[in-house]
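Q: Take this structure first; my questions come after.
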Amino acid sequence: MERNHLTRRISVASGREPADTVIKNGKVIDVFNGEVMEGNIAIVDGYFAGIGDYEGENVVDAKGRYVSPAFIDGHVHIESSTVTAREFAKVLLLHGVTTVIADPHEIANVLGADGIQYMLDSSENLPFDFYFMLPSCVPATNFEHSGAILNAQDLEPFYHHPQVLGLAEVMNFPAVLHAEQDMMTKLLDSKQYRKKIDGHAAGLSGADLNVYMSAGIRTDHESTTVKEAKERLQLGMYLMIREGTVAQDLRQLIPVVNERNARRCLFVTDDKHLDDLVHEGSIDHNVRLAISLGLSPITAIQMASINAAECFGLGEKGAIAPGYKADFVLFDDLETIQITDVFKEGKAVVEGGKLVNKAEFNTPIDSEPIGGSVRFHELTEAHFHIPLKSNKANIIEIIPNSLVTVHLIEQVNRCDKGFFQPSIRNDQLKIAVVERHHMTAAIGLGIVKGLGLKSGAIATTIAHDSHNLIIAGTNDRDMLVAANAMKEMQGGMIVVNQGVMIASLELPIAGLMSDRPYPEVYSHLNKINLALKQLGANDHFNPFLTLSFLSLPVIPELKLTDQGLFQVSKFEHIQIDAQ
């Protein structure tokens, strides 16, 4: 069959036979020269066959619109959208994204290899290309309880799957630095299969970056300053410029991009909530934002297409050129990039801003994830009491729209029994991480500043990376109500006020994803956002997504695991007391 397709493609390219489809009257984005060109675009069997004077059985009149390669997200966690791969694809296609490179380490931290297999199965047979990098660090560290442990031999069989491109973000830098056996095997297995290796170099510089490059790690999405970005480019890394829901680094990093290094830069979202994907967009938003900040539109499109494709060795993607897959978008204006039509392998999947051929999304999923993933012992209000020896405490301070936190030492209030007393005035609230995989009864407690809650509590089982239950609140009663409700509905997001659950979203798939259509999930998220306003939550960032990263012990500086308060720079747990 491949021989016949190739023979026909050559025949169409030479003009000996008509194309399946011809795009006429379009302004074609040339990502190789950074220019706009004109010519009819011939498509056959889902591939571009030529640009020039072509005729075809089906003619699409671009009506003077720009014809651009479809967009690629170079690093994303689908689970962070709270919907399945199928629903995720529907949303992204509306925004011109037809390909993602996903890291399923969220579900892998809960379900292990079964979680990876579920993501592979659930993303097949869709008009969208899902590629995966294998989770390299499950658990992320040894300082918390995750639902599973994945070693090199657990990952090795997945390298044979055609959707697997390599090893996902290596966040356990000490394991690389000290050449720990299992990490070395993971790196060597990836090299043996000629796969890619993604980095996670948060806070690293100098010799530490040299270590990463020497290990074969070639990308990083954790740069937050121009200095960090330039250092990564100097050493030969691909710079992933991230703009998600919490981590919004594009404004800070875009000044580093110039005509000499732009082809080593690409866009990623990493983690983005469904509501933001729906109303703001995905990689298309990154492109628009970069253009608004002064970047050349065609350079921004390069970063969103050919650069990402080349970074991951996707040789048939990212350009409108003969021999490339016919994944492309149409839009009217080169500045605003408002996408009207999207084509996947030559077939329209979005027309006039609406999905077409929805039947293609009705294919059955071959496997189902393991249920009942939220398990913990019965709790009481006493489980949330924080004993203190003094009125001075180590506090996690939130930086709005950042994964990084500040290690604060502040005066706090104590009750007569010596327990920490939350202060709405000082914005000092309780935070707890409850182990929910193995019934260990482990509970980490801490103090958080910056959420801005004036009453109530919020809780979620989306808590990177081990995805234990994380709760923040102004009082023990509401925190307990949230915990009990979470066990009842087996995962999700909950808002509680004065002992009553006022909004929720059930996430029965590993406590991370809904099994409902995305418009229904979107509706629940809107209700949660309204409920957060009742609690007086800070509206300068997404409180739930921010909360979900306060348990991630690989991003500086102070985080909370089910084992307690964790100082990332020292890579060790510390006491809440700051005597």
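Q: Return the sequence-ordered ³J(HN,Hα) values of the range 406-423 in whole Hz as given by the Karplus equation 6.51 cos²θ - 1.76 cosθ + 1.60 applied to θ = phi - 60°, using x for Gly and Pro.
A: Running phi through 6.51 cos²θ - 1.76 cosθ + 1.60 with θ = phi - 60° gives 10, 8, 9, 10, 9, 6, 10, 8, 10, 7, 4, 7, x, 8, 4, 10, x, 10 Hz.
Q: Now a separate question. Just checking my list (i) 0.99; (ii) 1.48; (iii) 1.06 against Cα Rg over 2.2 N^0.38 Å computed from this structure; which label fits?
A: The value computed from this structure is option (i).
Q: Return HIS285, HIS160 ranked ascending by Cβ neighbour count within 10 Å, so the fewest neighbours appear first. Could the numbers behind the result be given before it?
A: Numbers: HIS285 21, HIS160 8.
Arranged by neighbour count, lowest to highest, HIS285, HIS160 become HIS160, HIS285.
Q: Rounded, prolate or oblate: pick one for the range 69-316, where a ≥ b ≥ c are the square roots of the eigenvalues of its C-alpha gyration tensor, a/c under 1.5 means rounded, and failing that, prolate if a/b is larger than b/c, else oblate.
A: Working: a/c = 1.66, a/b = 1.16, b/c = 1.44.
Cα axes put the range 69-316 in the oblate bin.
Q: Oh, and also: Note the full-extension length gain between ARG425 and GLU378 as 0.36 nm times their separation in residues minus their Cα-Cα distance, in nm to one decimal.
A: Fully extending the segment from ARG425 to GLU378 adds 13.8 nm.
Q: Then there's this: Neighbour counts of other C-beta atoms within 10 Å: give me LEU505, LEU177 arranged from fewest to most.
A: LEU177, LEU505
Q: Continuing with this model, one more query. Given only helices, namely DSSP H runs of n ≥ 4 each adding -39500 (n - 2.57), what is the per-residue ellipticity at 222 nm of the chain, to the nearest 500 deg cm²/dmol? Don't skip to the answer; put the middle values down first.
A: On the way: 17 runs with 150 residues, N = 579.
My calculation for the chain gives -7500 deg cm²/dmol from helical runs alone.
Q: Now for a separate question. Can you list, largest first and rounded to whole Å, the semi-axes you get for the range 82-187 by taking the square root of 5 times each eigenvalue of its Cα gyration tensor? Each step should come with its number before you reach the end.
A: Values: eigenvalues 142, 38, 31 Å².
So the equivalent ellipsoid measures 27, 14, 13 Å along its semi-axes.
Q: At a threshold of 8 angstrom on Cα-Cα distance, excluding pairs fewer than six apart, so keeping six or more, what relative contact order does the chain reach in percent?
A: Working: 1431 pairs, mean separation 86.2, N = 579.
Across the chain, relative contact order equals 15 percent.
Q: So, in Å, what gap is there between the alpha-carbon centers of the range 481-537 and the range 15-81?
A: 42 Å
Q: Right, here's the next one. List the trypsin sites (Lys or Arg not before Pro) within the range 470-578 that DSSP assigns to loop and that have no more than 12 neighbouring Cβ atoms inside 10 Å.
A: LYS570
Q: Under 5 Å between amide H atoms, partner at least 5 residues away or on a different chain: which partners does THR219 have, H built in plane at 1.01 Å?
A: GLY199, TYR238
Q: Hey, what angle do you get for helix 113-122 against the long axis of the chain, alpha-carbon based, 0 to 90 degrees rounded to 10?
A: Orientation of helix 113-122: about 40 degrees from the principal axis.
Q: Return VAL329, VAL211, VAL60 ranked ascending by Cβ neighbour count within 10 Å, so the fewest neighbours appear first.
A: Result, fewest neighbours first: VAL211, VAL60, VAL329.
Q: Short version: ³J(HN,Hα) in whole Hz for each residue of the range 317-330, in order, from phi by Karplus 6.51 cos²θ - 1.76 cosθ + 1.60 (θ = phi - 60°), x for Gly and Pro, what are they?
A: Rounded to whole hertz, the list is 10, x, 8, 9, 7, x, x, 9, 5, 7, 9, 8, 10, 10.
Q: Same structure again: Once amide H atoms are placed 1.01 Å from N in the peptide plane, what residues at a sequence separation of 5 or more from VAL164, or on another chain, have their amide H within under 5 Å of its amide H?
A: Answer set, sorted by chain and number: PHE132.
Q: When N is the residue count of the range 471-556, what does its C-alpha Rg come to as a fraction of 2.2 N^0.38 Å?
A: Normalised Rg, Cα atoms only: 1.09.
Just so you know, all these numbers are worked out from the coordinates, no wet-lab data involved. Computed from a prediction, not measured in an experiment: that's the story for all the values here. Cβ sites come from the backbone with ideal geometry, for glycine too, and all protein chains shown count toward neighbours.
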